[in-house]
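Data first, discussion second: the structure below is written as structure tokens.
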Ligand SMILES: [Zn+2]
């Protein structure tokens, strides 16, 4: 276990996580042997059950189990139940969150890769990286220009399916040559997106007021926003991370079996398209 954890720490050093984050090993025996590893976005019950069924020894998730301190791991709480199930089944849990976001390659590289976008540079470069490759989000180019509508359709077709699909703010017929992407919640990056001079920004968790203010400023920067499900924007990282660990395992002759969970843990489970109208000019007859 400790060798595999060291390899994960080497890919995503804990000291590169944000100060508020909680990354690293949450559950695990350093001396236990590791054969099977499962990668997933969320350390939730369905994923832990999947790890048990798979007979995994190590679960690596993007999201932390406990972000803030706790005073209980009682199995009557859902997170405590996760801890109990993991320990009873000899499964370790390791988290790579903001340290995987800013890594090279990281979460947004995987997102760009899923959409066949060519990464040019980080959206918010990490000042501590002399090569300027690490950082939050990525600024990307398209092979050929697409309309916002076509880019949204590509995202809907390439990212794993969720109830939400892709929402668009802006002119669906505008042409996109350059796009910024950021896996997970990206509305704190609007200033950087505008400064990057891109035609579109694909991220998740966008809210009414920030988006409303952003598009109101369109005269200044007519770029489109594409909002995908948080889980869907981060899931491609699981495949990237699994491939990275697979390669390390091959190099060291560890013989690890590395799996990626395909369970959709996006909390939104259904979507109803609107059918009502606010048009009251034509009174019903
Ligand atoms: Zn996330």
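No value in this document is a laboratory result; all are computed from the given coordinates. Since this is a predicted model, take the numbers as computed values, not measurements. So basically every Cβ, Gly included, is an ideal-geometry build from the backbone, and we count neighbours across all protein chains shown.
Quick notes on this structure:
- Between the helical axis of 148-158 and the longest alpha-carbon principal axis of the chain there is an angle of about 20 degrees.
- Under the shape rule built on the C-alpha gyration tensor, where the axes satisfy a ≥ b ≥ c, region 102-231 is rounded, since a/c falls short of 1.5.
- Value of [θ]222 nm, deg cm²/dmol, for the chain, DSSP H segments ≥ 4, -39500 (n - 2.57) each, nearest 500: -9500 deg cm²/dmol
- Residue exposure sequence - 237, 268, 12 - by fewest surrounding Cβ within 10 Å: 268, 12, 237
- For the pair residue 163 and residue 127 in one chain, pulling the backbone fully straight at 0.36 nm per residue adds 9.2 nm over the alpha carbon distance.
- The chain: angle of helix 45-54 to the longest principal axis, Cα-based, in degrees nearest 10: 50
- Crossing angle, helix 2-11 versus the chain [Cα axis fit, 0-90 degrees, rounded to tens]: 20
- 20 °C / 1.002 mPa s Stokes-Einstein diffusion coefficient of the chain, Kirkwood radius on C-alpha pairs, µm²/s: 106
- Antiparallel content of DSSP bridges confined to region 1-131, in %, to 5: 25
- Contact order normalised by residue count of region 2-97, Cα under 8 Å, 6+ apart, percent: 37
- When DSSP beta bridges are restricted to pairs lying wholly in the chain, around 45% turn out antiparallel.
- DSSP bridge analysis restricted to region 53-199 gives an antiparallel fraction near 75%, rounded to the nearest 5.
- Residues of region 168-188 falling in the label zone of residue 217, defined by backbone nitrogen less than 12 Å from a point 7 Å along Cα to beta-carbon, are 188.
- Cα centroid separation - region 17-92 against region 237-275, whole Å: 15
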